[in-house]
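The values are calculated or read from the model by the stated rules, or taken from the named source; none is laboratory data. Everything numeric here is computed off the predicted structure, so don't read it as measured data. Glycine gets a Cβ as well: all are built from the backbone with ideal geometry, and neighbour counts include every protein chain shown. The accessibility values were calculated without ligands, DNA or RNA, using every heavy atom of the protein model including side chains. Shrake-Rupley method; radii C 1.70, N 1.55, O 1.52, S 1.80 Å.
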Amino acid sequence: MSQSHLHASNLFSVEGRVAVITGGGSGLGSIMARALAINGAAKVFVLGRRENALQETVARSPPGVVIPIQCDVTSKESLEAAYQAVKSQTTHVDILFANGGILGPLMRPRQNEDGTPIPLSELRDELFNVPMEEFTNVLNVNVTGAYYTVLAFLPLLEAANKRRQATKPGVLSPPTAQVVITSSIAGFNRNVPFSYAYNTSKAAATHLVKVLSTTLSGYDIRVNGIAPGLYLSEMSNNVFEEKGIQSGGVTEGSFPKEMIPIRRGGSEEDFAGLVVWMASASGGYLSGAMMLTDGGRVSVVPNTY
Ligand SMILES: NC(=O)c1ccc[n+]([C@@H]2O[C@H](COP(=O)([O-])OP(=O)(O)OC[C@H]3O[C@@H](n4cnc5c(N)ncnc54)[C@H](OP(=O)(O)O)[C@@H]3O)[C@@H](O)[C@H]2O)c1
């Protein structure tokens, strides 16, 4: 009997897929877009506020596959306009990545040199000084924005399901439509990175995967999440700069074992491989799942940032 169904080219094929990626102009969203485009996706729509960033992803991808659309996920009007722009260029969307996000204010309380807590009055001043709008903005982009992004694209995801061939006995059906929300290990961990706004927003994003997965399973739309650890991007760049880490931190030994057991930051290959698998035929059994890609960081309960 032929074993060709187990060949990597079949297991991980994303040939012909149509994807939408928010935050596709930089960092992890750019890796998602390029990985899908390089591996045969038909169309990859990248959404974000900065046209020049989106164009950079286009320039780094095979010609004609990646399509930039300016969009602010905190505006329903902007999301609706982006939805209409995508709808005018495709009949369906196989996979939607709600990936755009911001870090916001760091809110990392100082400690005394000996590691003991600073006086409560100082802690109060430090944290109370952060404008409420800055806190709310993080929740707005990372949670509200992700939620409305998913809602905006539901009809095109449903259209992808309608294109699926009728099931045949003994033949694996192609994957159903999928939403992937980028959360973070910050949603599981109290200390990484130390920001009350970001960490709570990512805990909420993780929960959003669960609640939307439950609702949308009734419509055969799968919802999954990715919880990255530390990958070099515009958002995380300061960690690498603070520690003087070169070459994207992907060299083994770039980070101490106590911080990241695998002793390096995440690489483009680590992330691209995960995304291609999730989007491929062999990712079709994922539903309501949260994929952790952090080199073991969340397991070591770090006190270091
Ligand atoms: N890098 C890491 O180590 C890491 C770890 C855990 C989780 N994450 C998560 O991964 C996702 C991607 O972040 P990244 O690391 O790739 O950082 P990044 O390079 O800063 O990317 C964030 C992207 O989100 C977009 N964005 C921000 N606000 C937006 C808005 N209102 N509307 C539309 N797009 C918006 C930005 O584009 P514009 O500014 O052009 O709008 C940008 O392309 C985020 O959700 C982040 O929380 C990253």
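For Val20, what is the net charge nearby, where nearby means another residue's Cβ is under 13 Å from its Cβ and Lys, Arg count +1, Asp, Glu -1?
My count for the surroundings of Val20 gives +2.
Can you list the residues, at least 5 places off or on another chain, whose amide H is less than 5 Å from the amide H of Met291, using H built in the peptide plane?
Residues meeting the criterion, in which the H sits 1.01 Å from N, are Gly225, Ile226, Ala227.
When only Cα pairs under 8 Å and 6 or more residues apart are kept, what is the percent relative contact order across the chain?
Normalised by residue count, the contact order of the chain is 18 percent.
How many angstrom separate the Cα center of the range 232-279 from the Cα center of the range 64-123?
So the separation of the two Cα centres works out to 19 Å.
Would you kindly find the accessible area of Lys43, with a 1.4 Å probe and non-protein molecules such as ligands, DNA and RNA excluded, rounding to the nearest 10 Å²?
Spelled out: Lys43, probe radius 1.4 Å, area about 70 Å².
Determine the sum of side-chain charges near Arg163: Lys and Arg each +1, Asp and Glu each -1, restricted to other residues whose C-beta is under 15 angstrom from that of Arg163.
Spelling it out: positives minus negatives among the neighbours equals +1.
Counting only protein heavy atoms and a 1.4 Å probe, tell me what percentage of the chain's accessible area is made up of carbon and sulfur.
Summing carbon and sulfur atoms, their accessible area is 55 percent of the total for the chain.
Name the lysines eligible as straight-distance cross-link partners of Lys257: C-alpha to C-alpha under 22 Å, and not fewer than 8 places from it in the same chain.
Here the lysines satisfying the reach criterion relative to Lys257 are Lys243.
Counting only helical runs of four or more DSSP H residues, what would the 222 nm mean residue ellipticity of the chain come to if each run contributes -39,500 (n - 2.57) and the total is spread over all its residues?
-11000 deg cm²/dmol
Given H placed on each backbone N at 1.01 Å, which residues far from Ile67 in sequence or on other chains put an amide H within less than 5 Å of it?
Residues meeting the amide H criterion: Val44, Phe45, Val46.
Which of the lysines could a cross-linker span from Lys162 if the Cα-Cα distance has to be under 19 Å and same-chain partners fewer than 8 positions apart are dropped?
Qualifying lysines at Cα under 19 Å: Lys43, Lys87.
So, in nm, how far is label Asn112 from label Asn140 when the simple model puts each one 7 Å beyond its Cα toward the Cβ?
About 4.0 nm separates the two model spin labels.
Using Cα pairs under 8 angstrom and six or more residues apart, how large is the relative contact order of the range 101-205, in percent?
Across the range 101-205, relative contact order equals 34 percent.
Excluding Val275 itself, calculate the net charge of residues whose Cβ lies under 14 Å from the Cβ of Val275, where each Lys or Arg counts +1 and each Asp or Glu counts -1.
-2
Mind listing which GluC sites (Glu not before Pro) in the range 89-149 are in a DSSP loop and have 11 or fewer other Cβ atoms within 10 Å?
Passing sites in the range 89-149 are Glu113.
I need to check one value: relative contact order of the range 155-305, counting alpha carbon pairs closer than 8 Å and at least 6 residues apart, in percent.
28 percent
Which Rg and Dmax, in Å, describe the Cα atoms of the chain?
Spelled out, the Cα radius of gyration and Dmax of the chain are 20.0, 73 Å.
Roll a 1.4 Å probe over the protein chains and send me the accessible area per residue for the chain in Å².
Result: 50 Å² per residue.
Cross-link candidates for Lys210: which lysines have Cα within less than 16 Å, leaving aside residues fewer than 8 places away along the same chain?
The reachable lysines, counting only those whose Cα sits under 16 Å from Lys210, are Lys202.
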